[in-house]
Amino acid sequence: MQPPVLIITGYGLNCEAESRYAWERAGAKADLMHVNDVIARPDRIHRFGALMFIGGFSFGDHMTSGHVFAHKLRHHLRDELGAFVQEGGLILGVCNGFQIMTKLGLVPAVDGDYFKPSVSLLQNDCGSFQNFWVRVRFESESPCIFTRGLTAMDLPIRHGEGKLFPKDNAILDALEQQGCVPCRYVDPATGEPTREFPHNPNGSVNAIAGLCDPTGRIFGLMPHPEAFLFPEQHPLAEFRTREADPAAHGDGLLIFQNAVRHLNEA
């Protein structure tokens with residue numbers, strides 16, 4: 001079975017092709033739809049088992065990354081998105097999509113309010129846009145459906161505003177206690193979380209690379225799993241030795257396969 005997935009596009013978002021390929025290689029049927037078309041008939045989102053907010057530079061990041069796009073969604077789609085969450089749908093956000101989700105409040109939603117922002121993604125501590133590969137560790141105690149059974153992987157990052165910062169210490173404590181931190185930046189030599197650049201590319205508190213809601217069905221992260229679908233995409237030669245195997249894949253595909261497996265079992 002190919003579960004249906006909706007990828008929302010438009011206004012500076014630019015990762016739709018690789019995102020659709022990731023879902024379809026994982027076994028889903030992915031449809032691209034401009035956000036204006038979604039707004040015109042918002043009930044259509046209920047035909048899908050999963051939604052994805054993709055990477056890019058929505059509205060040019062002119063009012064901080066994801067801010068304008070999030071307000072557009074809040075104004076036009078709040079009720080339908082809320083119903084989609086209550087129906088048990090999956091939502092994935094990557095990079096700018098994660099920024100949009102935090103500004104909406106879809107993650108971490110530790111108090112069950114999916115439209116009350118409680119964390120921000122601030123400018124990188126280094127003060128500039130970064131584009132390279134990082135090591136990410138996945139936390140086994142998290143309920144996140146997308147990271148289930150995963151331990152660690154290398155993924156590319158490309159962002160200027162990725163520093164996760166909570167509204168207050170109570171929010172940070174709650175998201176840690178509820179397992180809403182599925183992945184962290186780690187030092188590849190030790191496998192331990194770090195705030196040191198470049199292993200933590202933005203200075204994110206507690207080395208947080210992504211967040212999920214307490215149900216594990218809504219997940220956003222700054223690194224790009226859709227940009228590691230083939231071994232040859234990795235910069236290290238040891239990964240490219242897999243090229244001879246026609247069944248080989250980049251590790252990022254595993255995140256999409258977990259989601260498709262859940263949709264088929266639901």
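Every number in this text was worked out from the coordinates using simple rules, so none of it is lab data. Only a predicted model underlies this, so the values are computations on that prediction, with no experimental measurement involved. Neighbour counts are summed over all protein chains in view; Cβ atoms, including those assigned to glycine, are modelled from backbone coordinates with ideal geometry.
One chain, two ends: His75 and Ser120. Fully extended at 0.36 nm per residue, the span grows by 14.2 nm beyond their Cα-Cα distance.
A cut-off under 14 angstrom between Cβ atoms defines the neighbours of Pro117, and their net charge, with Lys, Arg +1 and Asp, Glu -1, is +1.
The slack between Met1 and Glu24, meaning 0.36 nm per residue of separation minus the straight C-alpha distance, is 7.1 nm. Stretching the chain fully between Ala266 and Leu32 yields a gain of 81.9 nm (0.36 nm per residue, less the alpha carbon separation).
Nearest 500 deg cm²/dmol is fine: what mean residue ellipticity at 222 nm does the chain get from its DSSP H runs of n ≥ 4 alone, each adding -39,500 (n - 2.57), divided by its residue count?
Values: 7 runs with 71 residues, N = 266.
That comes out to -8000 deg cm²/dmol.
Cβ crowding within 10 Å ranks Tyr11, Tyr185 as Tyr11, Tyr185, fewest other Cβ atoms first.
Distant-in-sequence amide contacts of Ala152, defined by a placed amide H-H separation under 5 Å and a gap of 5 or more residues or a different chain, comprise Phe138.
Once you keep just the Cα pairs under 8 angstrom separated by 6 or more residues, what percentage relative contact order results for the chain? Can you show the working numbers first?
Numbers: 602 pairs, mean separation 49.5, N = 266.
Once normalised by length, the contact order is 19 percent.
Electrostatic bookkeeping for Phe98 treats Lys and Arg as +1 and Asp and Glu as -1; over the other residues with beta carbon under 14 Å from its beta carbon, the sum is -1. Taking Cβ atoms as reference points and 14 Å as the exclusive limit, the residues near Arg148 contribute a net charge of -1, counting Lys and Arg as +1 and Asp and Glu as -1. The simple Förster model, with R0 at 41 Å and r as the Cβ-Cβ distance, assigns Leu236 and Ala170 a FRET efficiency of 0.50.
Give the relative contact order (percent, whole number) for segment 1-129; include only Cα pairs under 8 Å separated by 6+ residues.
On the way: 217 pairs, mean separation 29.2, N = 129.
Here the relative contact order equals 23 percent.
Note on the chain: GNM, Cα springs under 10 Å; of Leu236, Leu121, Leu92, the largest mean-square fluctuation is that of Leu236.
Taking 45 Å as R0, compute the FRET efficiency from the Cβ-Cβ separation of Glu192 and His62 and round it to 0.05. Intermediate results must be reported in sequence, preceding the final value.
Numbers: r = 37 Å, r/R0 = 0.82.
My answer for the efficiency is 0.75.
For Leu51, the residues whose modelled amide H falls within less than 5 Å of its own, excluding neighbours fewer than 5 places apart on the same chain, are Leu6, Leu90, Ile91, Leu92. The relative contact order of segment 147-265 comes to 24 percent, based on Cα pairs under 8 Å that sit 6 or more residues apart.
Computing Rg and Dmax of the Cα atoms in Å for the structure here picks out one of [x] 21.3, 65; [y] 17.0, 50; [z] 21.6, 89, namely [y]. Computed about its Cα centre, the charge dipole of segment 119-266 is approximately 180 debye, with only Lys, Arg, Asp and Glu carrying charge at their Cβ.
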